[in-house]
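**Q** Supplied in structure tokens, the structure appears directly below.
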Amino acid sequence: MKEELEKRLVKGPDGVEFEVEPLRDYYCEAPPTVMPAAYSNIVEDLFNWARSESIWILGFGTGCGAIEMRPLMTPRFDAYRYGVQWRPTPRQANLFVISGYLSVKTLKRAIRSYEQMQNPKYVIGLGSCTINGGMYWDSYNTIKRLDEYLPVDLYITGCMPRPEALLEGFMDLKKLIKQGKAEGANQYAEKFEWYKANQKRVIHDWDMPDYSW
């Protein structure tokens, strides 16, 4: 991976060689910026209502929590009736659900996935592992508190939370969005240097751009 990111010469279809620098050419170097509210409170309320009724999830399951998300797609729980559905890529999602524990290696992937999502976006930490490391709290390689590395709008507690708890969590997130209080993405932009310093403190082999969307 590191070799692929190094500056090198590439030959084009016409036989002409040119230099590419992947970290500069393939990624955006601009840091995140705070997304301003609409010019009118009424318009912003309308936007927030629409956002709350269209929750598209990118699931990041590294533990048993991912198992509890699957029943929500079945007729018994039917999360789709609440405007909740799952998407395959970060570009199509506005809610990042992280379940199970994060190691240093998987934290790197979580950061990149989150930064590829478009604003406005939200994060739910699912289960005890994202809050305090869960049963892996004393592991040298486990991230103990997710909100030190990514902005968490809502935690759903338990080990593991049942599907009913997930639905209740989605309803709580909807309320926060409608009230204009789900400001995790703006918080990430405002405290970007703090988050990035925390990320680099635990990821010693940092081989990504500082902002990779």
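What follows draws every value from the coordinates through simple rules; no lab data is involved. Because the structure is a prediction, the values reported are computed rather than measured. Cβ atoms come from the backbone with ideal geometry, glycine included; neighbour counts cover every protein chain shown.
**Q** Taking the Cα-to-Cβ direction at Lys178 and at Glu190 and moving 7 Å from each Cα, how far apart do the two end points lie in nm?
**A** According to this spin-label approximation, the distance is 2.4 nm.
**Q** Here's another thing I want to ask about it. Take every Cα pair under 8 Å in the stretch 45-201 that's 6+ residues apart, average their separations, divide by the length, and report that relative contact order as a whole percent.
**A** Working: 270 pairs, mean separation 39.2, N = 157.
After rounding, I find 25 percent.
**Q** Let me ask you something else. What residues qualify as long-range amide H neighbours of Phe96, i.e. H under 5 Å apart, gap of 5 or more or another chain, H built at 1.01 Å from N?
**A** Leu58, Tyr122, Val123, Ile124
**Q** Select from the stretch 1-109 those chymotrypsin sites (Phe, Trp or Tyr not before Pro) which occupy a DSSP coil region and have at most 12 other Cβ atoms within 10 Å, ordered by residue number.
**A** Working: sites: Phe18, Tyr26, Tyr27, Tyr39, Phe47, Trp49, Trp56, Phe60, Phe77, Tyr80, Tyr82, Trp86, Phe96, Tyr101; in loops: Tyr26, Tyr27, Tyr39, Phe77, Tyr101.
Filter output for the stretch 1-109: Tyr26, Tyr39.
**Q** Quick one, which of (1) 173; (2) 118; (3) 148 is the actual volume of the Cα convex hull per residue in Å³ calculated for this model?
**A** Computed from the coordinates, volume of the Cα convex hull per residue in Å³ corresponds to (3).
**Q** Something else now. May I ask which residue of Gln187, Thr89, Gly169 lies farthest towards the positive end of the charge dipole of the stretch 45-201, with charges of +1 (Lys, Arg) and -1 (Asp, Glu) on Cβ and the Cα centre as origin?
**A** Highest projection toward the positive end goes to Thr89.
**Q** Let me ask you something else. Report ³J(HN,Hα) in whole Hz for each residue of the stretch 126-142, in order, from the Karplus equation J = 6.51 cos²θ - 1.76 cosθ + 1.60 where θ = phi - 60°; Gly and Pro get x.
**A** The phi angles translate into 9, x, 4, 4, 6, 8, 9, x, x, 5, 9, 4, 9, 7, 5, 10, 10 Hz.
**Q** Starting from the stretch 1-107, pick out the trypsin sites (Lys or Arg not before Pro) whose DSSP state is loop and whose Cβ has at most 11 other Cβ atoms within 10 Å.
**A** Working: sites: Lys2, Lys7, Arg8, Lys11, Arg24, Arg51, Arg76, Arg81, Arg91, Lys105; in loops: Lys2, Lys7, Arg76.
Filter output for the stretch 1-107: Lys2, Lys7, Arg76.
**Q** Give the residue from Ala66, Gln199, Leu5 lying farthest towards the positive end of the charge dipole for the chain; charges sit on Cβ (+1 for Lys and Arg, -1 for Asp and Glu) and the dipole is referred to the Cα centre.
**A** Towards the positive end, the residue furthest out is Ala66.
**Q** Ignoring everything except DSSP H segments at least 4 long, calculate the 222 nm mean residue ellipticity for the chain; use -39,500 (n - 2.57) per segment, divide by total residues, nearest 500.
**A** On the way: 8 runs with 73 residues, N = 213.
The helix contribution divided over the chain gives -9500 deg cm²/dmol.
**Q** Sticking with this structure for a sec: Let's see if you can work this out: charge +1 on each Lys and Arg Cβ, -1 on each Asp and Glu Cβ, no other charges. What is the dipole magnitude of the stretch 133-213 about its Cα centre, in debye to the nearest 20?
**A** Working: 11 positive and 13 negative charges, 44 e Å.
In debye, rounded to 20, the stretch 133-213 gives about 220.
**Q** Which of Glu68, Glu3 has the fewest other C-beta atoms within 10 Å, and how do the rest follow up to the most? Write out the running numbers ahead of the final one.
**A** On the way: Glu68 21, Glu3 6.
Lowest count first: Glu3, Glu68.
**Q** Would you please name the trypsin sites (Lys or Arg not before Pro) within the stretch 159-195 that are DSSP coil residues with at most 13 other C-beta atoms within 10 Å of their C-beta?
**A** Values: sites: Lys174, Lys175, Lys178, Lys181, Lys191; in loops: Lys181, Lys191.
The qualifying sites are Lys181, Lys191.
**Q** Please give every one of the aspartates and glutamates within straight-line cross-link reach of Lys178, meaning a C-alpha to C-alpha distance under 16 Å, and leave out same-chain neighbours fewer than 8 residues apart.
**A** Here the aspartates and glutamates satisfying the reach criterion relative to Lys178 are Glu44, Asp45, Glu53, Asp153, Glu168.
**Q** Right, something else. Straight-line reach from Lys108: which lysines have Cα under 21 Å away, leaving out those fewer than 8 places along the same chain?
**A** Reachable lysines: Lys2, Lys121, Lys144, Lys191, Lys196, Lys200.
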